[in-house]
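Shown below is the structure under consideration.
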Amino acid sequence: MITTALKRCSHWIESHRDVLLDAIRIPLGVFLFGKGLQFAARRDQLGELMGETGPYWFVSAVVGHYVMLAHLVGGVFLVLGLITRWAALAQIPILLGAVFIVHVPEVFGLQQTAELELAAATLFLLTLTFLHGAGRFSLDYWLERKNREYEAHASWPGRHVTW
């Protein structure tokens, strides 16, 4: 009985892969946009996360602005499904830094934090989104479909447009 249910579930996932990708991509984009708003509202929080940079304060400022803008713009692009792979790719270095530079040392310092798990899960979902792209309910899918329709109509005899 459990095996049958697992087979049905597996079959549903395989046949609705694009819907599952959208179910991951859209909430992920909303979450990242919210984090971007949070960093924009509380810039000191981002500075605390990155730690003291000493005389290289401008590095912290540049990275902080990149993180904030990448989360805001990338989050919107992920929700819309527009240039999805590029939006996910822009987020991956940020999350790699969050996991390995910011949060892993906290774990070794025996500080209890759930931020490491959240950053690692977000990194995993961004990697999935980068590898598999957007689903059916995205602007990427819609634009690709429109491009195919245009190319199909443009290849008909007598319908060529010359510029």
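FYI, it's all coordinate maths here, none of it is from the lab. Only a predicted model underlies this, so the values are computations on that prediction, with no experimental measurement involved. We place every Cβ from the backbone using ideal geometry, glycine too, and count neighbours over all the protein chains shown.
How much net charge surrounds Met1 when only other residues with a Cβ under 13 Å from its Cβ are counted (Lys, Arg +1; Asp, Glu -1)?
+2
In the neighborhood of Leu123, defined by Cβ-to-Cβ distances under 15 Å, what is the net charge if each Lys or Arg adds +1 and each Asp or Glu adds -1?
0
Set the Förster distance to 22 Å, then compute FRET efficiency between Ala40 and Leu89 from the Cβ-Cβ distance, nearest 0.05.
Here the calculated transfer efficiency is 0.50.
Also, quick follow-up: Label Leu20 and Val59 with points 7 Å out from Cα along Cα→Cβ: what is the distance between them in nm?
It works out to 4.1 nm between the two label points.
Lys and Arg at +1, Asp and Glu at -1: add these up for the other residues within a Cβ distance under 14 Å of Gln91 and post the number.
+3
Which of the peptides 3-15, 136-148 is most tightly packed, and how do the rest follow, judged by the mean count of other Cβ atoms within 10 Å per residue?
Highest mean packing first, the order is 136-148, 3-15.
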